[in-house]
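This report concerns only the one structure given below.
The values are calculated or read from the model by the stated rules, or taken from the named source; none is laboratory data. All values derive from a computational prediction rather than experimental measurement. Because the Cβ atoms are built from the backbone with ideal geometry, glycine has one as well, and the counts that use them run over all protein chains shown. Heads up: the accessible areas ignore ligands, DNA and RNA and are worked out on the full protein's heavy atoms, side chains in. Shrake-Rupley method; radii C 1.70, N 1.55, O 1.52, S 1.80 Å.
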Amino acid sequence: YDAPIHAAYSHGYYKSMISLMRGVFGHALKTNPYLKRAVITGILRIAKESLFSGVNNLSVYSLLRSEYAEYFGFTETEVSDVFARAELPYSLEDVRSWYNGYQIGDVTLYNPWSIVNCINRQGTLDLYWVNTSGNELIRDLLAASGSIFKHDLQQLLSGHVIRVVLDEHIFFVDLKASPGSVWSLLFMAGYLKLVARIDAGHGDVSYELMIPNQEIYILYRQLVRAWLGHGEPMIQLELLQYL
């Protein structure tokens, strides 16, 4: 449901889209006498705009919860089975390096879109998922980020873990001013994976994140190269050593 909202935010008609979507959900879910249950899928929860303000009794299952974790992607057993059924030679270690690493609850998953396309390409390891939609929003947010954010990006590119505070309720209007929202967007969109949850008590919770796999690492390299190629002044030269 949130794909048109992302596009609207990137192209300047965000408020109009929120108004339209609020009306759609209100009529389809709240005042629909023929509906018993609905499933809504997306990567983000829209908070400030009260997109679902007219809808009651929503249960949300995000990447930070363990319920239904195995259904967010393919398990390693399923990946091994589908390659065997396709009768393709493959290295599980290589496939794991490229497409595995998404940690949801206690389950580690493979990207299903990438696995399916890899099978269709006779086992060719390549970039599949990162080209399924535009990266304009992520590119703009990373380019507009401050020095602390870029230092964390350097840590990620060097294979290290970063610790950040995540917010499941995304405020689109505050994205460029809130590093926490940017990290939350990258995590929920699959550009980072959860390594550990750190609970310091009194509601003080942070999360350790890192780049999940080779496919996503290459995407970051491509974005940084594009910025450098266009003379992007906000990118620090230290990033060059990771390209």
What percent does the relative contact order of segment 1-127 come to when contacts are Cα pairs within less than 8 Å and at least six residues apart?
20
What FRET efficiency comes out for residue 93 versus residue 41 if R0 is 22 angstrom and r is the Cβ-Cβ distance? Round to the nearest 0.05.
0.10
Could you order 183, 129 so the one with the most accessible surface comes first? Probe is 1.4 Å.
129, 183
With θ set to phi - 60° and the Karplus curve 6.51 cos²θ - 1.76 cosθ + 1.60, what are the ³J(HN,Hα) couplings of segment 86-96 in order, to the nearest whole Hz, using x for Gly and Pro?
7, 6, 10, x, 7, 10, 4, 4, 5, 5, 4
Quick one: accessible surface of residue 65, probe radius 1.4 Å, all protein chains present, in square angstrom to the nearest 10.
90
